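Colleague: Handing you a structure now.
The values are calculated or read from the model by the stated rules, or taken from the named source; none is laboratory data. Quick caveat: nothing in here was measured; it's all calculated off a predicted structure. Here the Cβ positions follow ideal geometry from the backbone for every residue, glycine too, while neighbour counts run over all protein chains shown.
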Protein chains: 2
Amino acid sequence: MPSRDQSVTTIQRELTAFARRARAAAARMHPELSLVSFTLLSHMEDQQGCRATDLAAYYMLDKSTISRQIAALEKLGFIERRTDPADHRIQLLHLTAAGTEKLAEAAVLRRHAFHERLADWEEADLDRFAAYLLRYNSAAADFS
Amino acid sequence: MPSRDQSVTTIQRELTAFARRARAAAARMHPELSLVSFTLLSHMEDQQGCRATDLAAYYMLDKSTISRQIAALEKLGFIERRTDPADHRIQLLHLTAAGTEKLAEAAVLRRHAFHERLADWEEADLDRFAAYLLRYNSAAADFS
DNA sequence: CTACTGGCGTTGTATTCTACAACTAGCCAG
DNA sequence: CTGGCTAGTTGTAGAATACAACGCCAGTAG
């Protein structure tokens, strides 16, 4: 039975190892959509009409970085900006049809990869693993 | 009770969210040691005498990237190269005392952050979470 | 109404990370 | 010895990112 400290160390090491590979794995899986672009599009799909500032805060990126990413995604035709009629400083970001489609393509590839890796897991274990990750991330969000 | 597909989707989303933030979080925690440098040093500590090629394969990075990272870490005095006497093509990478110390400093900061986030978890849950991550990563390694 | 203040986003600039390709050097099989 | 393989380096270019300075708009104080 591992000690509390050992478990925390393992969690840290394994999460970090995953993080280190995620970028390259995403690049290999869908070269047209980097991990950053993918997550930004995902976020926009979930939160219809989100602002650039929201994305910056959520992903701990500088607003200038987001601005350029947004510009690139717009140039590709994946998103569109709608100026908030109530406040002209704000741009509400929305996926276009092309963006939705592209995101779905990448999501299929990713989901397939995850399903493969998790193929031999019991459903109960998947359920608990998902719950643990949710719990961890919601706690981590408070510290960011 | 979530379906198998929902659980996989959650796992994918939450792991990805973590990965997206890890880089910035590491940079904020220990600005002197990027996430990449940190993981490379960690790997070298675990696998005393590892090769640059091993690091490249494990983290899915190009060998040129590793070469430059290695060069930077050597310039900082954190690692040293020892040519393998049996095969002069190979450099065995070792931490120096300074590197070991620097790594320990960063590890303390990181471990503290993880302990904080996991403070209110039951030990049994930590244990299971760690086991799930190990299992996931060992499966993922086969696909890389 | 005007001026200050603060929030949102863009642009200029520099740095870092990364990949790909071409290369050198060492090992080994024939 | 030669050809082919492996380990690592270097040239080059592109992408991501941060920081700082700026412009624009909204709200508020005077």
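Colleague: Filter region B:53-70 down to residues that are small (Gly, Ala, Ser) and within 6 Å of DNA strand D (Cβ to nearest atom) and give me whichever is nearest to B:Ser34 (Cα to Cα).
Modeller: Of all residues in region B:53-70, those small (Gly, Ala, Ser) come to B:56-57, B:64, B:67.
After this cut, where a residue has to be within 6 Å of DNA strand D (Cβ to nearest atom) as well, the list is B:64, B:67.
Numbers: B:Ser64: 18, B:Ser67: 16 Å.
Across region B:53-70, the extreme among qualifying residues is B:Ser67.
Colleague: Continuing with the same structure: Looking at (1) surrounded by fewer than 16 Cβ atoms within 10 Å (Cβ to Cβ); (2) modelled with pLDDT of 95 or more, which is the only condition B:Asp142 fails?
Modeller: So B:Asp142 meets the others, but not (2).
Colleague: Based on what the data block shows, is A:Leu33 under 17 Å from the mean Cα position of the chain (by Cα), within 13 Å of another protein chain (Cβ to nearest Cβ) and over 28 Å from A:Ala139 (Cβ atoms)?
Modeller: Yes: the conditions hold for A:Leu33.
Yes/no per residue for (1) more than 24 Å from A:Arg23 (Cβ to Cβ); (2) surrounded by 19 or more Cβ atoms within 10 Å (Cβ to Cβ); (3) basic (Lys, Arg):
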position	(1), (2), (3)
B:Thr53	no, no, no
B:Tyr59	no, yes, no
B:Ile66	no, yes, no
B:Pro85	yes, no, no
B:Ala98	yes, no, no
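Colleague: Scan the helices (runs of 4 or more DSSP H) fully inside region B:33-144 and keep the ones with 2 or more residues being of a type in the set (A, V, I, L, M, F, W, C), touching a residue at least 60 places away in the same chain (Cβ under 8 Å) and in contact with a helix residue (DSSP H, G or I) (Cβ under 9 Å, 6 or more places away or on another chain).
Modeller: Correct list: B:35-46, B:97-117.
Colleague: Consider region A:1-28. How many of its residues are part of a helix (DSSP H, G or I) and either among the hydroxyl-bearing types (Ser, Thr, Tyr) or touching a Cys at 6+ places or on another chain (Cβ under 9 Å) (or both)? Explain how you work it out, then say what you get.
Modeller: Restricting attention to region A:1-28, the residues satisfying the condition of being part of a helix (DSSP H, G or I) are A:4-28.
Those left that are additionally either among the hydroxyl-bearing types (Ser, Thr, Tyr) or touching a Cys at 6+ places or on another chain (Cβ under 9 Å) (or both): A:7, A:9-10, A:16.
Result for region A:1-28: 4.
Colleague: Answer yes or no as to whether B:Asp62 is within 11 Å of another protein chain (Cβ to nearest Cβ) and at pLDDT 95 or above.
Modeller: yes
Colleague: Please find, within region A:42-57, the residue that is farthest from A:Leu92 (Cα to Cα) out of those that are within 12 Å of chain B (Cβ to nearest Cβ) and more than 12 Å from DNA strand C (Cβ to nearest atom).
Modeller: A:Ser42
Colleague: Next question. Quick check on this structure: which one of A:Phe114, A:Phe78 is within 11 Å of another protein chain (Cβ to nearest Cβ) and under 19 Å from A:Pro31 (Cβ atoms)?
Modeller: Sole residue among the options that is within 11 Å of another protein chain (Cβ to nearest Cβ) and under 19 Å from A:Pro31 (Cβ atoms): A:Phe114.
Colleague: Filter region A:26-51 down to the residues that are among the small types (Gly, Ala, Ser) and either within 8 Å of DNA strand D (Cβ to nearest atom) or exposed (fewer than 15 other Cβ atoms within 10 Å of the Cβ) (or both) and list them by number.
Modeller: If the condition is that a residue be among the small types (Gly, Ala, Ser) and either within 8 Å of DNA strand D (Cβ to nearest atom) or exposed (fewer than 15 other Cβ atoms within 10 Å of the Cβ) (or both), then A:Ala27, A:Ser34, A:Ser37, A:Gly49 are the ones that fit.
Colleague: A further question follows. Please verify whether region A:100-115 includes one or more residues that are among the polar types (S, T, N, Q) and within 14 Å of DNA strand D (Cβ to nearest atom).
Modeller: Among the residues of region A:100-115, not one is among the polar types (S, T, N, Q) and within 14 Å of DNA strand D (Cβ to nearest atom), which makes the answer no.
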